[in-house]
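The values are calculated or read from the model by the stated rules, or taken from the named source; none is laboratory data. Computed from a predicted structure; not experimentally measured. Glycine also receives a Cβ, built like all others from the backbone with ideal geometry; neighbour counts cover every protein chain displayed. Note: accessible area is taken over every heavy atom of the protein model, side chains too, but ligands, DNA and RNA are not part of it. Shrake-Rupley method; radii C 1.70, N 1.55, O 1.52, S 1.80 Å.
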Amino acid sequence: MDLIELRDADAVDRFLTRDWVVLLFVDSGRDQQPDAVLAALCARAPVGKAARTYPYGGAADRRVRAFLAHLPQTDRACLVLMQGAVVLDLLRSTDVEAHGARGAAARFAERFLTRLADG
């Protein structure tokens, strides 16, 4: 499945105004293993319910990071479960590092994908 690429701030705004339950992958741009795990979890989402920005790649990425700034997180990758503009859950690359790739897949993928299927 191809993820929806959010290339500009308008695309981000359109994406956030949908009342879907969606996954948004924010890449750190460092090509690290946790980033790959998060991207793989995001790619398992139903078609049309997952999106990503280019890391530090202009207006879209800045808009998403500004939207998420009120959440405690690092500047690294994260996977955000949202409904419209409401954040339901968040998986950070630091969670993947702490629990390992298999642990992250087992622990977090089920809760994300179940909620996506319900949305």
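Selection of region 24-64 for residues being under 15 Å from ASP95 (Cα atoms), open to solvent by 40 Å² or more (accessible area, probe 1.4 Å) and of a type outside the set (Gly, Ala, Ser) yields GLN32, GLN33. For region 69-83, taking the residues that are touching a helix residue (DSSP H, G or I) at 6+ places or on another chain (Cβ under 7 Å) and surrounded by 14 or more Cβ atoms within 10 Å (Cβ to Cβ), the one that is modelled with the lowest pLDDT is identified as ARG76. Which one of ARG115, ARG107 is touching a strand residue (DSSP E or B) at 6+ places or on another chain (Cβ under 7 Å), open to solvent by 20 Å² or more (accessible area, probe 1.4 Å) and within 17 Å of LEU23 (Cβ to Cβ)? One residue alone meets the criteria, ARG115.
Yes or no, residue by residue, for (1) part of a helix (DSSP H, G or I); (2) in contact (Cβ under 8 Å) with a residue 60 or more places away in the chain; (3) acidic (Asp, Glu); (4) at negative phi:
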| residue | (1), (2), (3), (4) |
| --- | --- |
| LEU23 | no, yes, no, yes |
| SER28 | no, yes, no, yes |
| VAL37 | yes, yes, no, yes |
| ALA45 | no, yes, no, yes |
| ARG52 | no, no, no, yes |
| ASP61 | yes, no, yes, yes |
| PHE67 | yes, no, no, yes |
| MET82 | no, yes, no, yes |
| ASP89 | no, no, yes, yes |
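Kindly provide the set of residues from region 91-119 that are over 17 Å from PRO34 (Cα atoms), touching a residue at least 40 places away in the same chain (Cβ under 8 Å) and not hydrophobic (A, V, I, L, M, F, W, C), ordered by number. Once the filter is applied, which keeps residues that are over 17 Å from PRO34 (Cα atoms), touching a residue at least 40 places away in the same chain (Cβ under 8 Å) and not hydrophobic (A, V, I, L, M, F, W, C), region 91-119 yields ARG115, ASP118, GLY119. Assessment of region 95-103 against the conditions (under 15 Å from VAL21 (Cα atoms) and surrounded by fewer than 14 Cβ atoms within 10 Å (Cβ to Cβ)) yields no matching residue.
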